[in-house]
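Peer 1: One structure, as structure tokens, below. Some questions next.
The values are calculated or read from the model by the stated rules, or taken from the named source; none is laboratory data. Note that this is a predicted model, so its numbers are computed, not measured. Glycine also receives a Cβ, built like all others from the backbone with ideal geometry; neighbour counts cover every protein chain displayed.
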Amino acid sequence: MEDYIRILKGTKLFSGIAEDEISLMLSCLDAHLREYRKGEYVFRQGEYISTIMMLVDGELHIQQDDYWGNRSIISHISAGDMFGEAYIAPESGALLNDVVAVEDSTVIFLDAKKIMTVCSSACRFHSIVVQNLFFAISEKNRKLVMKLGHISKRTTREKLISYLSAESRRQNSSDFTIPFNRQQLADFLSVDRSAMSNELCRMRNEGLLRFDKSRFTLLLPEKN
């Protein structure tokens with residue numbers, strides 16, 4: 001567990017808390033580690049959870065498959081990201097999506113009830129974590145609203161433009177890497193992969209962008 005203290009210090013949940021305080025909190029919150037192999041399910045749709053999770057190594061996808069096997073990627077979880085917080089309220093119900101390891105990953109589990117209940121010593125850093133949790137949930141809601149903005153566009157091109165523009169702004173560069181391969185990007189934007197690939201090629205031919213695998217460069221078209 002101590003190997004991941006520095007990573008936790010850089011997360012939103014433990015922002016403003018010293019490394020020695022984080023170490024104390026992990027014990028207070030009954031923290032425990034679990035490792036997952038690539039392709040392994042962390043949780044499956046329909047399960048119930050009572051913990052908040054922090055990914056400290058690897059990558060995860062929150063996704064949903066329909067009856068016929070069509071997949072939608074709800075969100076991408078990177079090292080340092082929190083997940084599971086949407087189910088900490090009473091009567092939250094079962095998980096609506098699957099959580100799958102995209103590569104070998106390590107997850108820290110934290111007791112949600114102990115996060116929300118300030119300990120008897122009323123330690124300063126516990127109060128900060130509760131505040132940070134609120135801010136982190138707010139940011140997650142903002143990201144979901146952004147995704148709704150992408151997928152609500154009418155055409156595949158409009159969805160691509162919306163998503164790639166947002167990534168360019170987020171990374172503060174016209175040259176950036178996205179966390180998806182082609183199939184994953186299609187699943188994230190809820191479009192057909194072949195149609196999306198064809199649209200990307202048309203946009204490249206029109207001088208709007210360049211791409212190599214998951215790396216994109218956005219371009220301004222030359223004026224005639």
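Peer 1: Give the residues of the range 42-74 that are in contact with a helix residue (DSSP H, G or I) (Cβ under 7 Å, 6 or more places away or on another chain) and assigned to a loop (DSSP other than H, G, I, E, B), sorted by residue number.
Peer 2: Ile49, Ser50
Peer 1: Please state which one of Ala94, Ala79, Ala101 is in contact with a Gly (Cβ under 9 Å, 6 or more places away or on another chain) and under 16 Å from Thr11 (Cβ atoms).
Peer 2: Sole residue among the options that is in contact with a Gly (Cβ under 9 Å, 6 or more places away or on another chain) and under 16 Å from Thr11 (Cβ atoms): Ala79.
Peer 1: Additional query: Taking Glu199 as the residue in question, decide whether it is in a helix (DSSP H, G or I) and either under 16 Å from Ser162 (Cα atoms) or modelled with pLDDT under 95 (or both).
Peer 2: Yes; evaluated as a whole, the condition is true for this residue.
Peer 1: Would you point out which residue out of Arg202, Arg193 is within 27 Å of Glu103 (Cα to Cα), over 21 Å from the mean Cα position of the chain (by Cα) and assigned by TED's automatic domain parsing to the domain that holds Lys213?
Peer 2: Only one candidate qualifies: Arg193.
Peer 1: Tell me, which residue of the range 163-187 that is touching a strand residue (DSSP E or B) at 6+ places or on another chain (Cβ under 7 Å) and of a type in the set (D, E, K, R) is surrounded by the fewest Cβ atoms within 10 Å (Cβ to Cβ)?
Peer 2: Asp175
Peer 1: So how many residues does the range 153-198 have that are among the acidic types (Asp, Glu) and touching a Leu at 6+ places or on another chain (Cβ under 6 Å)?
Peer 2: Selection size over the range 153-198: 0.
Peer 1: Test Ile49 against the criterion of being within 12 Å of the chain's Cα centre (by Cα) and of a type outside the set (S, T, N, Q), and give yes or no. Lay out the reasoning, then the answer.
Peer 2: Working: within 12 Å of the chain's Cα centre (by Cα): no; of a type outside the set (S, T, N, Q): yes.
It is false that Ile49 is within 12 Å of the chain's Cα centre (by Cα) and of a type outside the set (S, T, N, Q).
Peer 1: Got a number for residues in the range 85-102 being in a loop (DSSP other than H, G, I, E, B), buried (at least 17 other Cβ atoms within 10 Å of the Cβ) and either more than 20 Å from the chain's Cα centre (by Cα) or modelled with pLDDT of 90 or more (or both)?
Peer 2: Counting residues in the range 85-102 that are in a loop (DSSP other than H, G, I, E, B), buried (at least 17 other Cβ atoms within 10 Å of the Cβ) and either more than 20 Å from the chain's Cα centre (by Cα) or modelled with pLDDT of 90 or more (or both) gives 3.
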